[in-house]
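The structure under discussion appears below in the form of structure tokens.
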Amino acid sequence: MLTLINPHHAEHAGRQEMFRGRLVDCHEVPDRLHFVRDELQRRAIGPQRPPEVGDAVLDAALARVHEPRYLHFLANAWDDWVALDPANAQRDALPSVWPLPQAHAFRHDRSPLNAAARLGLFAFDSGTPLMAGTWRAARAGAACALAAAHAVLAGERSAFALTRPPGHHAGPGFYGGYCFLNNAAIAAQALRDGGHARVAVLDVDYHHGNGTQTIFYERADVLTLSLHGDPHTEYPFFLGHADETGAGAGEGFNRNWPLPRGTGTAAWRAALDEALQAVAGFGATALVVPLGLDTYEGDPISGFKLRSGDYPAIGAALAALGLPTVFTFEGGYAVAEVGVNAANLLEGFERAA
Ligand code: OKP
Ligand code: ZN
């Protein structure tokens, strides 16, 4: 399997995130990617290369998924943060004030000028630090997703965008959950634009793919599916319920499988089998898998009980769909095990493909 690796990922390395009233060390660290890269190399699971995507092509692909004012914000957020106070150069940017939906009279055309307050226009949590290298890292990551889609359009059976920060929580105009640009959505849209009539996105991360769901919620050409911890108790809390089925032309083209904390292999696999049937019934011609390995029993911030030995069969089940497939790297915070778990799934896919 061809792997596209983000050469700039380490320029995004948050120090601390807000968790239950205090700042704790970030879980989403550069070594996550290094462990996956090294394990794929060790097992010789295909070539690895950086993405080669021109700036204009990348900008066009970003604009297919994200709003212009959001992209403008992201490109300038760090400089604006430092301009607010030179001492901010030593601090990651985190939001602390938000316009809730109840602020009916709020309008973007009179949003605050204060750069710290402006973070709250676009961030939905205080757990996603933004720093000097965030935009460069996120952009290069989106380029990995785009290059993976292009490789599949050119005839590869599958490709893996090995990048961080992750992407599936980023929406058309919002960031959060460690995510800034929605790599999976960018890949899905590129597959559509490259001629695939129906693209399915099957999110297997522990956390609901609220960004991806939102991006495609009113569309019938991209089926979005997510298996995840029940939002009654699990992050990102405000979306991911089973009755969220799409809207307008997209009615019936979003499905969620919220599962209780503690869910083990058998129940998780039963939900996966339903999702796989939905992909087949939709008549998808290509597949995108936001690949989170935080379903693993040893994950420090998640609640499912999958074992390392479960992942090869999950990869094989995905391969059995017989579709050109792009994987994007999402969660997985048991850093020492994330490489083995990712490689197990991707190797299982390759052997069955
Ligand atoms: C990103 B991905 C709540 C702590 C939860 C966010 C978890 C983001 C997971 N304050 N932090 O889907 O793996
Ligand atoms: Zn996750």
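The values are calculated or read from the model by the stated rules, or taken from the named source; none is laboratory data. In this text, all values refer to a predicted model and were calculated from it rather than measured experimentally. Neighbour counts run over all protein chains shown; Cβ positions are idealised from the backbone, glycine included.
Figures for the structure shown
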quantity: Unique match (being within 16 Å of ligand 1 (Cβ to nearest atom) and assigned to a loop (DSSP other than H, G, I, E, B)) among THR128, THR224; calculated: THR128
quantity: Subset of segment 289-300 (residues that are surrounded by fewer than 24 Cβ atoms within 10 Å (Cβ to Cβ), more than 10 Å from ligand 1 (Cβ to nearest atom) and touching a residue at least 40 places away in the same chain (Cβ under 8 Å)); calculated: PRO300
quantity: In segment 95-125, residue surrounded by the most Cβ atoms within 10 Å (Cβ to Cβ) [restricted to those that are in contact (Cβ under 8 Å) with a residue 40 or more places away in the chain and in a loop (DSSP other than H, G, I, E, B)]; calculated: PHE124
quantity: Hey, HIS232 away from ligand 1 (no atom under 16 Å from the Cβ), in a loop (DSSP other than H, G, I, E, B) and either under 22 Å from ALA188 (Cβ atoms) or modelled with pLDDT of 95 or more (or both) or not; calculated: no
quantity: Filtered residue count, segment 97-129, keeping only those that are modelled with pLDDT under 95 and among the small types (Gly, Ala, Ser); calculated: 3
quantity: Only one of ALA271, ALA317, ALA313, ALA275 that is assigned to a helix (DSSP H, G or I) and over 23 Å from ALA161 (Cα atoms); calculated: ALA271
quantity: Residue in segment 157-172 that is assigned to a helix (DSSP H, G or I), modelled with pLDDT of 95 or more and either crowded, with 24+ Cβ neighbours inside 10 Å or of a type in the set (Val, Ile, Thr) (or both) present; calculated: no
quantity: Matching residues in segment 217-242 - criterion: being of a type in the set (Asp, Glu), in contact with a strand residue (DSSP E or B) (Cβ under 8 Å, 6 or more places away or on another chain) and farther than 19 Å from VAL289 by Cα; calculated: ASP230, GLU234
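Yes/no per residue for (1) within 16 Å of ligand 1 (Cβ to nearest atom); (2) in contact (Cβ under 8 Å) with a residue 24 or more places away in the chain:
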site: GLY264; (1), (2): no, yes
site: ARG269; (1), (2): no, yes
site: ALA278; (1), (2): no, yes
site: GLY281; (1), (2): no, no
site: LEU287; (1), (2): no, yes
site: SER302; (1), (2): yes, yes
site: GLY315; (1), (2): no, yes
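Residue-by-condition table, conditions (1) at pLDDT below 95; (2) among the small types (Gly, Ala, Ser); (3) more than 16 Å from ligand 2 (Cβ to nearest atom); (4) closer than 18 Å to GLU52 by Cβ:
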| residue | (1), (2), (3), (4) |
| --- | --- |
| ARG136 | no, no, yes, yes |
| ARG198 | no, no, yes, no |
| HIS207 | no, no, no, no |
| ASN210 | no, no, no, no |
